[in-house]
Amino acid sequence: MPIYEFKCKKCKNIFERLIFSPTEEGVLSCPQCGAKQAEKVMSAPARRKSKGSSDSAGSSCSATSCPPGCSCH
Ligand SMILES: [Zn+2]
């Protein structure tokens, strides 16, 4: 069964609902404030950029964009 997360535009409440048909999405009411302004939240898996130290800006400058006074080369 598809469980979707919804966020109320009015009170910012986030709640989950089972959706059996796509038409239900439009008439969902917030369980907290009752407003029918819920928008679907894509509960994407947490994909955080944790790319090691390959491109950590600031720590070292590239030769093409060295600021004046840089001592990297
Ligand atoms: Zn609400």
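List Val41, Val27 from most exposed to least, where exposure is judged by having the fewest other Cβ atoms within 10 Å.
With the sparsest Cβ surroundings first, the list reads Val27, Val41.
Mind listing the long-range amide H neighbours of Val41? Cut-off is under 5 Å, sequence gap 5 or more, other chains count too, H placed in the peptide plane at 1.01 Å from N.
Answer set, sorted by chain and number: Glu5, Phe6, Lys7.
Mind giving me the FRET efficiency for Cys66 and Met42? R0 is 35 Å, r the Cβ-Cβ distance, nearest 0.05 is fine.
0.30
Calculate how large, on average over all directions, the projected area of the Cα convex hull of the range 1-43 is; give the answer in nm² to one decimal.
About 2.6 nm², averaged over all directions.
Along Cα→Cβ, 7 Å out, is where each label goes; now give me the distance between the ones at Cys33 and Ser21 in nm to one decimal.
Label at Cys33, label at Ser21, 2.9 nm between them.
Quick note: the coordinates plus some simple rules give every number you see, no bench work behind them. Please read these numbers as outputs of a predicted model, since none were measured by experiment. Because the Cβ atoms are built from the backbone with ideal geometry, glycine has one as well, and the counts that use them run over all protein chains shown.
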